[in-house]
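The values are calculated or read from the model by the stated rules, or taken from the named source; none is laboratory data. Note that the coordinates shown come from a computational prediction; the quantities given were computed from them, not determined experimentally. Ideal geometry is used to build each Cβ from the backbone, glycine not excepted, and the neighbour counts take in all protein chains shown. Protein only, heavy atoms only, side chains kept; ligands, DNA and RNA dropped before computing areas. Shrake-Rupley method; radii C 1.70, N 1.55, O 1.52, S 1.80 Å.
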Amino acid sequence: MVESLPYVELKLEHPNLAPTSYGESFFPDAVPYEFDGDYRVFYWRPTLDTGTSEQPDWQGVCATTDTLSVVEKGRPYTPEFVSRRAETEVVVEGTIGGDSTTAVVRSYSAPDVRIREVTASRLELLADGTEYTVSSGTRRRISLSEQTVERADGDGTMAVTPELVVRFPGERELHHPAPGAEYRLFPSFGLELDTVSNPAPVPTTNGELDHAAFATSLGVDLSDRPYPERVLWQAFAYTAFDPHTETVPRLTQFRTGHLALLNSPPES
């Protein structure tokens, strides 16, 4: 799917906590960049949660450190910032669709954050009972109510002040696998799939995939591509052609030029 929609980024961070866990994803899920005058956000893994909404009712999308969700027209959206299993895991410092540092605490109350409305020019949200308006092209850091939490190691309590980080670039061209699909999606990189030999050559250096040589062997010129798209090329090459996996890549190409990897190794 390729849709132009208001795109909101929200992070709930706790910078005065000491991290106890670090993300392990090598490539980010969300890759924003400009190409041919279009400002796009590319999600190559299936991430979008559409809820119960049909596409005509989409008001926009909201990205957090872990999720990408639809904001429905006429329905306030409450993002999930906290992971609650045996204990509560919160973000210390976060990256949208990428790696975040986290900490485990107890007796934590998640702040009440809701998106009330989003248009191409304005975001209205409610945080801990206070209304905020954020204009397109701006960002804001909001300190929320201080609270006392128990340390996960059982060594007493401490005060934390959650900080809501809001970035609202406005309308963006969202590239994402079709809702409900499980394939991985990539740009065309200028590649015509029907001209690639099967099996494709997989050059290696010291036993590891040489992604630059791989591009050259397929006639792909990455030099005129923006850096974020070169990162997507590496994600494509390693996900589909890593010599250390036994998975045989199944690729197809849409009329838009997008490449779809129909099967891929399980996430580590």
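Some observations on this one:
- Base-10 log of normalised Debye intensity for the stretch 206-268 (one unit scatterer per alpha-carbon) at q = 0.15, 0.22, 0.25 Å⁻¹: -0.50, -1.07, -1.29
- Remark on the stretch 175-219: hydrodynamic radius 12.6 angstrom, per the Kirkwood mean of 1/r across alpha carbon pairs.
- Contact order relative to length of the stretch 69-129, as percent, for alpha carbon pairs under 8 angstrom and 6 or more apart: 29
- Accessible area of the stretch 64-121 divided out per residue, in Å², using a probe of 1.4 angstrom: 49
- Inter-label distance for Thr138 and Ser188, nm, one decimal - labels placed 7 Å from Cα along Cα-to-Cβ: 3.9
- Within the chain, longest stretch clear of exposed trypsin sites (Lys or Arg not before Pro) (DSSP loop, no more than 13 other Cβ within 10 Å): 86-249
- Computed lengthening from Val82 to Thr47, 0.36 nm per intervening residue step minus Cα-Cα distance: 10.9 nm
- Qualifying GluC sites (Glu not before Pro) for the stretch 118-197 [loop in DSSP, other Cβ within 10 Å: at most 12]: Glu146, Glu182, Glu192
- Working note: Debye formula, equal point scatterers on the alpha-carbon atoms of the chain, no solvent; log10 I(q)/I(0) at q = 0.07, 0.08, 0.09, 0.17 Å⁻¹ is -0.30, -0.39, -0.49, -1.30.
- Remark: relative contact order (the chain) = 22 percent; criterion is Cα-Cα distance under 8 angstrom and separation of 6 or more residues.
- Residue among Thr148, Thr65, Thr205 with the largest mean-square fluctuation in a Gaussian network model of the chain, springs linking Cα atoms under 10 Å: Thr205
- GNM top mover of Val202, Val61, Val90 - the chain, alpha-carbon springs below 10 Å: Val202
- Overall form of the stretch 112-261 per C-alpha gyration tensor (a/c, 1.5; a/b vs b/c): prolate
- If R0 is 25 Å, the Cβ-Cβ spacing of Ser4 and Ala181 corresponds to a FRET efficiency of close to 0.80.
- Potential extension, Glu150-Asn198 segment - 0.36 nm per residue separation minus Cα distance: 11.6 nm
- In the chain, a dipole from Cβ-located charges (positive for Lys and Arg, negative for Asp and Glu) runs towards its positive end, and of Thr245, Gly170, Tyr183 it is Gly170 whose Cα lies farthest in that direction.
- Kirkwood estimate for the stretch 77-198, i.e. one over the average of 1/r between Cα atoms, Å: 17.8
- Stretched out straight at 0.36 nm per residue, the stretch from Ser217 to Thr245 would grow longer than its current Cα-Cα span by 8.0 nm.
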